[in-house]
Amino acid sequence: MSISKNEYERLARFRRALRQFLRFSELAAHQEGLTPQQHQMLLAIKGMPGRDWATVGELAEALQLHHNALVQLVDRAVTIGLVVRLADPEDRRVVRVQLAANGEAVLHRLTAQHQDELRRLREDLTGLLTSLPDVSA
């Protein structure tokens, strides 16, 4: 398989844009007093399809963390008022993790900032993605 110089350049630009976005996200989380993982957890909870809560297992999968590490992350988030734990009314063995009012407010501010950053990157990324070769073959 032959890879052109242009393809290397496009991939490098794409990776740079991804890293810039991730760095922006990390800094924005820190400015709100959160770790990037706390921000990601809040977003994973709010982004659950069809509901406003997630299980510890779902969050561990979404954040690609071991169960014990996720439990510690949730513990810290409960302590600082970002999330609450609730028993599932249908299955008492299941613990729901839901955003607290403070978590909702912080996530709202961060999401607004991220939308602005995505708009800024959209033009460059759109041109870059449409010019990438089809790698499905």
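Please treat every number below as a calculation from the coordinates, not as lab data. Just so you know, these numbers come straight off a predicted model, no measurement behind them. All Cβ positions, glycine included, derive from the backbone under ideal geometry; neighbour counts span all protein chains shown.
Computed from label points 7 Å out along Cα-Cβ, the spacing between E123 and E9 is 2.0 nm. Computed per residue of the chain from DSSP H runs no shorter than four, each worth -39500 (n - 2.57), the mean residue ellipticity at 222 nm is -22000 deg cm²/dmol.
Dipole check for segment 1-121: with +1 at the C-beta of Lys and Arg, -1 at the C-beta of Asp and Glu, and the Cα centre as origin, the magnitude is about 480 Debye. Applying 1/(1 + (r/R0)^6) with r as the Cβ-Cβ distance of H114 and E58 and R0 = 25 angstrom yields a FRET efficiency of 0.70.
When you restrict to C-alpha pairs under 8 Å that are six or more residues apart and normalise by the size of segment 5-130, the relative contact order lands at 26 percent. Dividing the radius of gyration of the alpha carbons in the chain by their Kirkwood radius gives 1.09 for Rg/Rh.
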